[in-house]
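What follows is a single structure, written as C-alpha cells, with notes after it.
Every read-out reported here was derived from the displayed coordinates using simple, explicitly stated rules and does not represent laboratory data. A quick note: this is a predicted structure, and the numbers were derived from the prediction, not measured. As a convention, Cβ positions derive from the backbone with ideal geometry for all residues, glycine included, and neighbour counts pool all protein chains shown.
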Amino acid sequence: MLRIESLDAHYGLFQALFGVALAVAPGETVALIGSNGAGKTTLLRAIAGALRVRPESLQLDGEPIGGATEREQLARGIALVPEGRRLFPSLTVHENLQLAATNGRRGSWTIERVLESFPGLRALLSRPATALSGGQQQLVAIARALVCNPAFLLCDEVSLGLSPLVIDEVYQLLALARRDGMAIVLVEQNVRRALVESDRYVCIQKGRVVLEGISASADRHAVAQAYFGV
Ligand code: ATP
C-alpha cells in the first residue's frame with residue numbers, strides 16, 4: 001500500500017501542494033483530476049522522487065520513503081511516465097528499453113513480453129527515438145516503464161496530443177498492466193476518459209484535494225465544479 005499523508009511540496013518559496021492525503025492499493029487505478037497548474041504533475045513527481053518532500057509524507061507498506069531519489073523509488077517499484085515522454089533521443093528504441101530493463105526490477109514484464117503485447121513496436125526497435133512519431137514515442141515511454149516491473153506506475157498525461165486510435169492503444173497497454181496487479185496513478189486531461197479508466201478519482205485544486213470518490217459513481221457535475229474551481 002502506498003500512502004500519502006500531509007504532503008506539502010515546494011518550488012523554492014512557492015508552495016504547490018498543501019497537506020495532500022491519498023492511498024493507493026495494489027492493483028487499483030486512481031485518476032488525478034484538476035485544471036492546469038492544480039498540482040497533479042507535482043504530486044506525481046513528489047511520489048517518484050523527482051521532488052524533495054518530508055520522509056513521513058510518503059509511506060510504502062508503513063515505511064517512510066519521502067525524499068528518496070528517483071533511482072531509489074524505482075528500485076522500490078515506483079515508476080513515472082513523465083509528461084512529454086523524455087526518451088533518450090540518440091538511443092534506439094531497443095536501447096531505451098534495455099537501459100530501463102537493466103535499471104528496473106525483475107518481473108514478468110520483459111522486453112519480449114512488451115513486444116508480444118504490442119507487435120507494432122517490434123518494427124521500431126532499431127530506430128532512434130527521435131525518428132518516431134509522438135504516438136510511437138508515447139507507447140515506447142510506457143513500454144519503458146513497464147519493463148521496470150513497477151508495483152506503482154505513475155502516468156502523466158500519456159494521451160496528450162495523440163490520435164484517438166493511439167489513445168486506445170495506450171489504454172489497452174495500461175489495462176494489461178492492471179490485469180497483472182500493477183497499481184496506476186493517472187493524470188488525464190480528458191475527465192470522462194479519466195473516470196472510465198480508473199477505479200477512484202481525486203480532484204485537486206490549487207494544491208489541495210477538494211473531492212474524491214469511486215469513478216463509476218462519480219457525480220459529473222460535482223467533478224466539473226471541483227475541476228473548474230467554481
Ligand atoms: P498541468 O495540467 O498544467 O500540467 P498540473 O496540475 O500538473 O498542471 P503542476 O505542473 O503540478 O500542475 O504545477 C503546480 C503549480 O506549481 C503551478 O502553479 C506551477 O506554476 C508551479 N510549478 C510547477 N513546476 C514548477 C517549477 N519547476 N518551478 C516553479 N513552480 C512550478
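Numbers for the structure displayed
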| item | result |
| --- | --- |
| Of residues in the range 195-215 being out of contact with any helix residue (DSSP H, G or I) (no Cβ under 8 Å at 6 or more places or on another chain) and of a type in the set (A, V, I, L, M, F, W, C), the one farthest from G39 (Cα to Cα) | I214 |
| Near pairs, Cβ below 6 angstrom, 6+ apart or cross-chain, from the range 125-144 (part of a helix (DSSP H, G or I)) to any residue that is surrounded by fewer than 16 Cβ atoms within 10 Å (Cβ to Cβ) | A129/P89; T130/P89; G134/G161 |
| Among (1) in contact with a Lys or Arg (Cβ under 9 Å, 6 or more places away or on another chain); (2) surrounded by fewer than 17 Cβ atoms within 10 Å (Cβ to Cβ); (3) more than 24 Å from A46 (Cβ to Cβ) - the single one N103 does not satisfy | (3) |
| Selection count, the range 3-24, where residues are over 27 Å from A224 (Cβ atoms) and away from the ligand (no atom under 16 Å from the Cβ) | 3 |
| The range 84-101, residues that are hydroxyl-bearing (S, T, Y) and assigned to a loop (DSSP other than H, G, I, E, B) | S90 |
| Answer from V166, V202 - the residue that is farther than 17 Å from L80 by Cα and part of a strand (DSSP E or B) | V202 |
| Number of positions in the range 44-59 that are away from the ligand (no atom under 12 Å from the Cβ), assigned to a loop (DSSP other than H, G, I, E, B) and either more than 12 Å from Q73 (Cα to Cα) or of a type in the set (A, V, I, L, M) (or both) | 3 |
| Residue that is within 19 Å of M1 (Cα to Cα) and within 16 Å of the ligand (Cβ to nearest atom), where the choices are L211, L186 | L186 |
